[in-house]
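The values are calculated or read from the model by the stated rules, or taken from the named source; none is laboratory data. Small disclaimer: the values here were computed from a predicted structure and weren't measured. As a convention, Cβ positions derive from the backbone with ideal geometry for all residues, glycine included, and neighbour counts pool all protein chains shown. Just so you know, the surface numbers come from the protein's heavy atoms only, side chains and all, with ligands and any DNA or RNA stripped out. Shrake-Rupley method; radii C 1.70, N 1.55, O 1.52, S 1.80 Å.
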Amino acid sequence: MTTILTASPEEAAAYVRAGELSAFPTETVYGLGADALRPDAVQKIFAAKGRPSDNPLIVHVAAGEQVERLCASVPASARTLMDRFWPGPLTVILQKSEAVPAVVTAGLSTVGLRWPRHPRARAFLEACETPVAAPSANRSGRPSPTTWQAVQQDLDGRIACILKGGRTEAGVESTVVDCTTTPPTVLRPGAISVEALREEIGDVIAENGETDAAPRSPGTRHRHYAPRASVVLVSTPEEATPTSRAAYIGLAVPDAGQEFARVRAVSSLDEYAAELFHFFREADRDDVDTIYAQTVSDDGLGRALNDRLRRAAAR
Ligand code: AMP
Ligand code: MG
């Protein structure tokens, strides 16, 4: 199939309405969308990505009111979080309604819902006139795409359309919060920090990544975010071995004269998150063997960053 590139949200949405796949930019990473109410269309997402069928998809809406149709009930914690963080990089897990096909939720009785904030995503979702199931628009296991070119690299010829936009802002995925538990549980740390959630609803259970919330968020079990090069985590640049086949990314700057093929010293956690997956793909293009990535403290966005780094480094 020929993959159409367009800057028109309406054109990209027409493919979704026809039961095909369109990738689209969001404030986190690019998503790969299908009509969430059509099992045949949703199935194409798993095929195009090579995604294990036990990994549920997040359903994207164009307005808060669409939620009522898709879930059985909205607990007070979810209402508070949606009021505060929607539209934005927050996914809430709720008991699903009968309207949501089993293929979307990998057979679970719950569904993940998100209303993105990115203007082009919002225009696209409105024009789809249906809820849109969308995981990140990468081949399964690869780094999430933060540019339309990265989507093209992974999925050209496998999907109907790519809605072009700029580099994504956050660079890490949405925070997934299970609101069916009391207190709610963070199943995947993301662009909204656990501290920010706690400011709104007080108690929140947050695993640290070592104790994996895998059984409840099946997707976190699978290999993720991995470039072709090996990712090696370091706490300081001195722990890295500089060679012409190695790259380094982190907050600390390596000593002058250290010969890496590529170095990215970021100046904040925000910048680190925005750069990470892009850096992985660039380093792969340089054909390096090893990417050294500096771990950060678990505060704020650091928790999501460390989670992605650990998963990218897992073999
Ligand atoms: P992605 O594939 O990047 O879109 O990530 C989606 C994440 O949300 C994965 O970690 C999924 O396991 C998780 N997720 C989606 N729906 C559910 C659900 N109903 N229950 C638990 N986790 C979910
Ligand atoms: Mg993904």
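Kindly provide the pair-distance distribution of the range 9-168 built from C-alpha pairs, with 5 Å bins from 0 and whole-percent values in order of increasing distance.
Spelled out bin by bin, the range 9-168 gives 2, 11, 21, 23, 22, 14, 6, 1, 0 percent.
Kindly write out, for the range 63-69 in residue order, the coupling ³J(HN,Hα) from the Karplus curve 6.51 cos²θ - 1.76 cosθ + 1.60 (θ = phi - 60°), rounded to whole Hz, with x marking Gly and Pro.
6, x, 5, 5, 4, 3, 6
Treating cross-link reach as a plain straight distance, find the lysines whose alpha-carbon is under 22 Å from the alpha-carbon of Lys164, omitting any fewer than eight places away in the same chain.
Cα-Cα hits under 22 Å: Lys44, Lys49.
Leaving out ligands and nucleic acids, and using a 1.4 Å probe, what accessible area per residue does the range 240-303 come to in Å²?
On the way: 2780 Å² over 64 residues.
On a per-residue basis, 44 Å².
Just from the alpha-carbon atoms, what are the Rg and Dmax of the chain in angstroms?
So, for the chain, Rg and Dmax equal 18.9, 61 Å respectively.
Please get the size of the charge dipole for the range 1-45, origin at its Cα centre, with Cβ charges of +1 on Lys and Arg and -1 on Asp and Glu, quoted in debye to the nearest 20. Kindly include the intermediate steps, with their values, before the conclusion.
Details: 3 positive and 6 negative charges, 25 e Å.
That gives the range 1-45 a dipole magnitude of about 120 debye.
Where both residues lie in the chain, what percent of DSSP beta bridges are antiparallel, nearest 5? Write out the running numbers ahead of the final one.
Values: 16 of 43 bridges.
For the chain, the DSSP antiparallel bridge percentage is about 35.
Hey, if you put +1 on the Cβ of every Lys and Arg and -1 on every Asp and Glu Cβ in the range 23-110, which of Leu81, Gln95, Val29 ends up farthest toward the positive end of that dipole?
The one lying farthest along the dipole's positive direction is Val29.
Could you check how much of the accessible area of the chain is carbon and sulfur, as a whole percent, using a 1.4 Å probe?
Solvent-exposed carbon and sulfur of the chain make up 48 percent of the total.
Which of Leu155, Leu197, Ala63 sits closest to the plus end of the dipole of the chain, meaning its Cα is farthest towards the positive end, when Lys and Arg get +1 and Asp and Glu get -1 on the C-beta?
Result: Leu155.
Roughly speaking, what is the stretch gain from Arg158 to Ser53, that is 0.36 nm per residue apart minus the C-alpha to C-alpha distance, in nm to one decimal?
Here the answer is 36.0 nm.
With a 1.4 Å probe and every protein chain left in place, tell me how much accessible area Lys44 has, in Å² to the nearest 10.
70
Quick one: accessible area per residue over the range 43-136, 1.4 Å probe, rounded to a whole number of Å²?
38
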